[in-house]
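Report on the following structure.
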Protein chains: 2
Amino acid sequence: MPDVSDSAPAAPLTLRPATRADLPAVLALLADEERVVDPASLVVDDAYERAFAAIDADPRNEILVLVEDVDGRAEDSGVVGCLQVTYIPGLGKGGAERALVEAVRVRADRRGGGLGRDLMERTIDRARTRGCGLVQLTSNKQREDAHRFYGRLGFAPSHEGFKLTLRPGPLTETSPRHG
Amino acid sequence: MPDVSDSAPAAPLTLRPATRADLPAVLALLADEERVVDPASLVVDDAYERAFAAIDADPRNEILVLVEDVDGRAEDSGVVGCLQVTYIPGLGKGGAERALVEAVRVRADRRGGGLGRDLMERTIDRARTRGCGLVQLTSNKQREDAHRFYGRLGFAPSHEGFKLTLRPGPLTETSPRHG
């Protein structure tokens, strides 16, 4: 697929919650950040179906897709970006939710044209409209380009982000010998 | 209230979801990190009631309290620590949830005795038992003591943590003149 970031005319963009029909396109964006993956080449297995259904059914979680509104039919258009938002209720700030953003992706052949900024600004507006008091996210320390991007959007790098990977079950001392 | 961190015998500890009866004690921990606040001195207003009810009703959110099991009656005992956990469904890692930890507090007069470690280890075990693939949190960059604490628990400071405070409504250019 050619890089069309400079040559394509600006199509109207829509940010909306992903539907089941968008799942292959979302999985393609998550599968490889560096290359364009053909959604049709992916197998949507049961684990993905269940995970998507869980997110879709949860009023405090949503996967948002940025779609190009080709021919006025956003439903049929190409997904060029996605992210997940979790709205977290809390006891601080008069009970206002905070919005946690994860898994931000712009299609590899469409970077550098402002789509990421558009995706984030619309997501921030959506959180504000919902009544959130804060948007928060973490970004791998190796991604200095992403840090500048979030800085330009007004985010402050005020926190250290810690992760602890868990292995399933209590018996994790030995590596599995089979399978 | 005297500092009893050295003199008190080790009482059995329980980690459990907070009930409505724990709300004043939790709000007291959140109100002032540096001093012990008497829960009876706090007014639990409607906003807190609604926020607690929202968290309590959400199967992917919980406030956990670490309580001393005095006389075998954990329900009547003192809350010495608390935190909030949000279990986030996602499309990665075979659909495993990740656990986001926020608002970690140990009562000011009981620090330095391992209660924070106990609180976190039990929370991590709880997340693992639930099937989470990851525990994540952010800590203000000024809290270097907290960073060492999370490092000793096995957390990797792999990410930058970004926050964007939102002001309510679209008309935020001017400061309110009244109220």
Problem - Among residues of the stretch A:4-27, those that are at pLDDT below 50 and surrounded by 14 or more Cβ atoms within 10 Å (Cβ to Cβ), counted - result: 1
Fill in the blank from the handout: Counted residues in the stretch B:102-131 being surrounded by fewer than 16 Cβ atoms within 10 Å (Cβ to Cβ), within 14 Å of chain A (Cβ to nearest Cβ), over 15 Å from the mean Cα position of the chain (by Cα) and at negative phi come to 3
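Condition first: more than 12 Å from chain A (Cβ to nearest Cβ) and loosely packed, with under 11 Cβ neighbours inside 10 Å. Now tell me which residues in the stretch B:39-55 satisfy that.
Here is the first cut: in the stretch B:39-55, the residues more than 12 Å from chain A (Cβ to nearest Cβ) are B:39-41, B:43.
Across the stretch B:39-55, the qualifying residues are B:A40, B:S41, B:V43.
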Practice task
Could you check B:R73 against (1) modelled with pLDDT under 95; (2) buried (at least 16 other Cβ atoms within 10 Å of the Cβ) and say which number it fails?
Solution key: (2)
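The values are calculated or read from the model by the stated rules, or taken from the named source; none is laboratory data. Small disclaimer: the values here were computed from a predicted structure and weren't measured. Quick reminder, even Gly has a Cβ in these numbers, built from the backbone with ideal geometry, and neighbours come from all protein chains shown.
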